[in-house]
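Student: The structure's right below; bear with me while I get my questions together.
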Amino acid sequence: MSAPIQTINGTEVPVFYVVDEHDHPAGSSTMLGFWLYLMSDCLIFAMLFATFGVLGGSYAAGPGPKDLFDLKLVALNTAMLLFSSITYGFAMLEMMKGRVKSTQMWLGITGLFGLAFLCIELYEFHHMIHEGAGPWRSAFLSSFFTLVGTHGLHVTFGIIWLVTLMVQVARFGLIEANQRRLMCLSMFWHFLDVVWIGVFTFVYLLGVLR
Amino acid sequence: MSADAHAAHGHGHDDHGHDDGRDHGSMKSYLIGFFLSVVLTAIPFWLVMTNAIENKNWTIAIIVAFAVVQIVVHMIYFLHMNTTSDAGWTMMALIFTIIIVVIALSGSLWVMYHLNVNMMPVHDMRNMP
């Protein structure tokens with residue numbers, strides 16, 4: 001098949017070039033790619049934070065943070081997200097040990113905490129809109145609803161993703177592809193918690209202090 | 001001697017030959033991260049809800065400092081950031097993002113603040129020539 005190359009004088013050593021790229025195992029670059037996506041998501045949130053920073057003081061003679069924000073509710077919300085972070089961590093540890101049932105259990109608990117977070121946030125939004133402090137009221141409220149709403153939307157899609165993966169794990173077990181997906185969601189979930197640190201600090205706490 | 005070195009190297013690694021430098025965390029690291037996060041969250045809320053410090057600027061400075069520390073804690077203990085995963089490219093991406101975020105945030109706030117100040121009708125027109 002591959003006959004040795006005969007050079008003219010028969011002494012020259014043939015030089016080979018590797019034309020094809022060497023093989024990458026499937027999914028070997030997924031984590032880096034997903035990290036890059038998270039970084040671009042980070043830029044979206046940075047822009048929304050900047051918008052809130054600029055417009056956060058424009059109340060248009062409407063209600064301000066002191067009138068609207070209930071810090072006890074925000075503290076409860078923060079606790080929910082923090083609990084969901086540690087339970088997702090437990091799910092990852094169980095996944096590493098290859099235990100399907102306890103992985104599913106911790107994922108389910110994580111989803112419930114996420115759902116509780118979302119319900120509290122929707123209750124807060126509903127309460128504010130009911131008091132006439134909807135996003136149309138002032139620039140402050142527009143930027144508030146955009147920033148916090150975008151975060152809430154991320155959590156919503158995170159929960160949908162979580163349920164999808166629970167179904168996947170239930171059907172196919174902890175195969176390598178599912179482990180990779182769970183690791184991506186892990187990064188996504190913890191990333192949302194990082195963004196929430198910014199939200200409760202700069203929007204709620206500093207808003208009340210303003 | 002070399003056998004010892006091999007044993008030391010082999011310890012703690014999985015059997016897959018290609019080590020990507022990723023850290024998947026342990027029960028201990030998750031619990032440390034959680035404990036630190038709870039403390040770093042509770043103190044700012046307590047400071048604001050009880051007005052523990054009279055000086056508002058000090059409260060703001062402390063809260064922002066706690067937020068920055070907590071973000072770093074999350075990065076290390078929950079997102080398992082280190083300088084070796086994917087040959088350092090995750091860290092490079094993070095540093096690049098932080099630079100862009102700092103420029104965009106500080107730039108927006110700075111420019112818009114001055115624009116705002118200069119647009120305010122605070123000049124006393126009566127003394128104008």
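Student: Looking only at A:His190, A:His130, A:His22, which one moves most when chain A is put into a Gaussian network model with springs between Cα atoms under 10 Å?
Tutor: Maximum among the listed residues: A:His22.
Student: While we're looking at this one, here's another question. Run down the lysines and flag those whose C-alpha is under 19 Å from the C-alpha of B:Lys28, throwing out any fewer than 8 positions away in its chain.
Tutor: A:Lys97
Student: A further question follows. So which lysines pass the test for A:Lys66, namely a Cα distance under 17 Å, with those fewer than 8 places away in the same chain ruled out?
Tutor: Reachable lysines: B:Lys56.
Student: Per residue of A:38-45, how many C-beta atoms from partner chains lie within 10 Å of its own C-beta, taken as a mean?
Tutor: Details: counts 5, 8, 2, 1, 6, 4, 0, 1.
Counting Cβ atoms of other protein chains within 10 Å of each residue's Cβ and averaging gives 3.
Student: Separate question: Once you've got the GNM for chain A with C-alpha springs shorter than 10 Å, pick whichever of A:Leu43, A:Leu118, A:Leu107 has the biggest mean-square fluctuation.
Tutor: Top of the fluctuation ranking is A:Leu43.
Student: Can you pull a Stokes-Einstein diffusion coefficient for chain A at 10 °C (1.306 mPa s), Rh from Kirkwood over Cα pairs, as a whole number of µm²/s?
Tutor: Details: Rh = 20.1 Å.
Stokes-Einstein gives a translational diffusion coefficient of 79 µm²/s.
Student: Next question. What does the average come to when, for each residue of peptide A:150-157, you count the partner chain Cβ atoms lying within 10 Å of its Cβ? Show your work: numbers first, answer last.
Tutor: Details: counts 0, 0, 0, 0, 0, 0, 0, 0.
Per residue, the number of nearby Cβ atoms from other chains is 0 on average.
Student: Also, quick follow-up: Report the FRET efficiency, 1/(1 + (r/R0)^6), for B:His24 and B:Trp110, where r is their Cβ-Cβ distance and R0 is 45 Å, rounded to 0.05. Intermediate values should be presented prior to the final figure.
Tutor: Values: r = 41 Å, r/R0 = 0.91.
The calculated FRET efficiency here is 0.65.
Values in this text are rule-based calculations from the coordinates and carry no lab data. Just so it is clear, the model here is predicted, and its values are computed rather than measured. We place every Cβ from the backbone using ideal geometry, glycine too, and count neighbours over all the protein chains shown.
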